[in-house]
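Each reported figure results from applying straightforward, stated rules to the coordinates on display, with no laboratory input. If you're wondering where the values come from, they're calculated on a predicted model, not measured in any experiment. Here the Cβ positions follow ideal geometry from the backbone for every residue, glycine too, while neighbour counts run over all protein chains shown.
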Amino acid sequence: MILKNKTKLSLIIFLALSIFILIFLVFPLYKNIKDNAIELSLKKRGSLYVDNKLKNVEEFRKNYKEIKVNLEKGKSLFLKSEAPVNFIRFLEEISQESNVSIKISPSTPAKKMDDPWYSIVFQINANGSFPNVLKFIEKLESGPYLTQIETLGIIRMTANDLRSKDLAKYSIGDVKASFSIKAFANQTSGL
């Protein structure tokens with residue numbers, strides 16, 4: 001009986017010791033390993049994220065010169081809304097190249113709901129031969145500014161028109177054109 005009790009007592013002590021080892025040594029060790037694995041995984045993800053961001057920054061630095069040139073080109077497409085002198089000078093130059101006389105009336109800069117940018121509308125009255133007026137319009141459309149022709153009206157000059165002092169240098173068959181051009185402009189603090 002004593003042997004039986006000793007065996008039971010040994011078994012109970014062994015079980016208690018095993019449970020104690022499991023509770024106070026193995027589970028905390030397992031939990032610590034699990035927490036460290038999660039932390040390591042998060043650090044690895046963070047490191048990969050930082051590596052990707054660094055690669056993106058390096059790629060941006062490599063392409064910066066090209067991007068800067070394109071940005072400058074993009075900026076030059078827009079008029080300076082506070083002083084669109086360069087655009088008016090451009091219109092006058094292409095009118096001379098096209099052998100067309102023009103009168104320009106600009107409006108104030110505004111942003112319409114459906115437009116992505118501010119714009120200035122220029123009302124232009126042009127006189128010249130039909131091919132020359134078309135040449136003027138073509139040069140305007142292919143020019144260095146972001147423009148859109150909104151309205152266009154072309155009528156052939158009549159003998160009555162040619163009696164006018166302003167139109168005396170033209171001949172029958174030449175045309176009078178009236179159109180409005182929307183030229184997109186940069187936004188200024190005054191708008």
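Check Ser101: other-chain or 5+ apart residues with amide H under 5 Å from its amide H, H built from backbone geometry?
HN-HN under 5 Å from Ser101: Asn127.
Which pairs in the list Lys139/Lys182; Lys65/Lys182; Lys8/Lys31; Lys139/Lys176; Lys103/Lys139 are over 25 Å apart, alpha-carbon to alpha-carbon? Please report the intermediate quantities before stating the final value.
Details: Lys139/Lys182 15 Å; Lys65/Lys182 31 Å; Lys8/Lys31 32 Å; Lys139/Lys176 18 Å; Lys103/Lys139 17 Å.
Over 25 Å apart, Cα to Cα: Lys65/Lys182; Lys8/Lys31.
Can you report the principal axis dimensions of segment 1-76 using only the alpha carbons, biggest first, rounded to whole angstrom?
In descending order, the Cα extents are 105, 17, 11 Å.
Quickly rank 24-32, 167-175 as a protection proxy: mean count of other C-beta atoms within 10 Å, highest first. Could you put the intermediate results ahead of the total?
Working: 24-32: 10.3, 167-175: 13.8.
Averaged packing, sorted descending, gives the order 167-175, 24-32.
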